[in-house]
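The values are calculated or read from the model by the stated rules, or taken from the named source; none is laboratory data. All of these numbers come straight from a predicted model, not from anything done at the bench. Positions of Cβ are generated from backbone atoms using ideal geometry, with glycine treated the same way; all protein chains shown enter the neighbour counts. Ligands, DNA and RNA are stripped out before the accessible areas are found, and what is left, the full protein with its side chains, is counted by its heavy atoms. Shrake-Rupley method; radii C 1.70, N 1.55, O 1.52, S 1.80 Å.
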Amino acid sequence: MVYLAFLLFFNLISCFPSSHAQNTDLKLPLRAVNLGNWLVTEGWMKPSRFDGIINKDLLDGAHVQFLSTKLNKYLCAENGGGTVLVANRNSPSDWETFRLWRVNESYFHLRVLNKQFVGLGNQGVKAVSNTPTHSETFQIVRKDDAPNRVRLKASNGFFLQVQSETLVTADYTGSSWDDSDPSVFNIAIVNTLQGEYQITNGYGPVKAPQVMQAHWDSYITEQDFKFISANGLSAVRIPVGWWIAQDPNPPKPFVGGSLKTLDNAFTWAEKYGMKVIVDLHAAKAPQNRFEHSGARDGFLEWGDSNIDETVAVIEFLATRYGGSPSLGAIELMNEPWAPDVTLDALTKYYKAGYDAIRKHTNAYVILSARLGPADPKELFSFARSLNRVAIDVHWYNLFTDMFITMTVQQNIDYIYNQRSSDLDSWISANGPLILIGEWTGEFGAKNGSMEDYKRYTKAELD
């Protein structure tokens, strides 16, 4: 069962006079709990679903750096890619960081800053290919008693070696693990992703369907819906990934079964008198760099060229659930990241997604505000031209040092004072509905008791 203290709560707040709000079948304010980690996996779940993966620290998207033990220099994609690899850096930064694409538990592609893949060249090792093939595949061989000491075996059967600071080749046949060995590196894992792509590709095509089905069947159950309804919440927000539209046979490494689970959620919601907000949490080309977007390696790819395929997923959801009395809203995208996702591309998509939904249902359409350096009110004018829409704004009392230094009561006071003031400044008679998402799993104050979490959650819902 899900533990509600570790979820994101949402309030859908009307900014219209009451006479305008009477046209909706939703009772406002709508109070919803986000069922994260269910159909789009994230690594913060407890207990972890990732523990059974071999080499679980070497999943897709892990950022790794290689320090030559012989030269005490870092392996580097010169100019960030498009040229040769060297080993002449005293300290690592972006050019010295490689993103893993996992082939299986010990074989990988290495992607560099400019998105090329490391492979074999006529002379030396290069990062020039935009598509990984057999030539861009490396086995990471770990020392049994020191897993952070590695050697990289290339597709030709030989190991990479640093012949000099400016010459890295794949022609070494030795087997020593000594510091003087030119093929030995110390690997540093400086960032990891733990999302749907990582867990399914990590377990592989045989085990992943078993692991994911067991997770879907146990993480959220009918009893959770009964509990949520009995405790005064009127809706659930369910994040889904783009691959759900191709269930039961989604593109690998994703596995089938999540669509049936979403069907069950609608059945339970109807039984207990609740509404469902279906949230497209992960677009096919990730709309942000985080694991919850279904990203493979943390590169943000979403833009104008991805609008049509993203709208197709939205229309699939609207077609399937548009007739359900439990459908409260469809959210077109979760947390697009500014400035990489431009406002122009986003509003084009939002209008196309809105039109696709309106062909099948008059349910609410939710527009997620951009995270990052963007005005949270930037969608207000656009939203006024649409009917039955809401703007989703996420507030977090964590991720910044300011909240860590606050006491529990100061965090709670911040909700009642600053957050309340912010919300008041957005509400106007002609404005859109506002969906406020606030994270209750953690807040700035450390070592909070269960009673503290309850008080904090009450402040958010108030």
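Observations on the model:
- Taking the criterion of being assigned to a loop (DSSP other than H, G, I, E, B) and either within 11 Å of the chain's Cα centre (by Cα) or in contact (Cβ under 8 Å) with a residue 60 or more places away in the chain (or both), the residues of the range 277-299 that qualify are A283, P286, Q287, N288, R289, F290, G294, A295, R296, D297, G298, F299.
One line per residue, one yes/no per condition, for (1) charged (D, E, K, R); (2) assigned to a helix (DSSP H, G or I); (3) over 22 Å from S324 (Cβ atoms); (4) under 21 Å from the mean Cα position of the chain (by Cα):
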position	(1), (2), (3), (4)
L233	no, no, no, no
R237	yes, no, no, yes
G256	no, no, no, yes
E270	yes, yes, no, no
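- S175 being open to solvent by less than 40 Å² (accessible area, probe 1.4 Å) and among the small types (G, A, S): no
- For A245, the test of being touching a residue at least 40 places away in the same chain (Cβ under 8 Å), touching a strand residue (DSSP E or B) at 6+ places or on another chain (Cβ under 7 Å) and in a helix (DSSP H, G or I) is failed.
- Check on P239, assigned by the TED database to the domain that holds V365 and open to solvent by 10 Å² or more (accessible area, probe 1.4 Å): no
- The range 172-198 residues that are of a type in the set (S, T, Y), paired with ones that are at pLDDT below 95 (beta carbon under 6 Å, 6 or more apart): Y197/G294
- The listed residue being open to solvent by 20 Å² or more (accessible area, probe 1.4 Å) and touching a residue at least 24 places away in the same chain (Cβ under 8 Å), out of E309, E335: E309
- Taking (1) open to solvent by 70 Å² or more (accessible area, probe 1.4 Å); (2) outside any strand (DSSP E or B) in turn, Q163 satisfies each apart from (2).
- Against the list (1) at pLDDT 95 or above; (2) farther than 30 Å from V40 by Cα; (3) not β-branched (V, I, T), the condition Y197 fails is (2).
- Output for the range 291-335, where each listed residue is in contact with a strand residue (DSSP E or B) (Cβ under 8 Å, 6 or more places away or on another chain) and hydroxyl-bearing (S, T, Y): S293, T310, Y321, S324, S326
- The set of residues from the range 56-68 being open to solvent by less than 40 Å² (accessible area, probe 1.4 Å) and not in a strand (DSSP E or B) comprises L58, L59, D60, G61, A62.
- Only one of the numbered conditions (1) assigned to a loop (DSSP other than H, G, I, E, B); (2) not assigned by the TED database to the domain that holds N334 is violated by N79, and that is (1).
- D375 vs. criteria at pLDDT below 95 and touching a strand residue (DSSP E or B) at 6+ places or on another chain (Cβ under 7 Å): no
- Within the range 340-371, if we keep just the residues that are among the charged types (D, E, K, R) and not in a helix (DSSP H, G or I), the residue that is most open to solvent (accessible area, probe 1.4 Å) turns out to be K359.
- Test: V86 is surrounded by 19 or more Cβ atoms within 10 Å (Cβ to Cβ), touching a helix residue (DSSP H, G or I) at 6+ places or on another chain (Cβ under 9 Å) and either within 20 Å of K153 (Cα to Cα) or among the aliphatic types (A, V, I, L, M) (or both): yes
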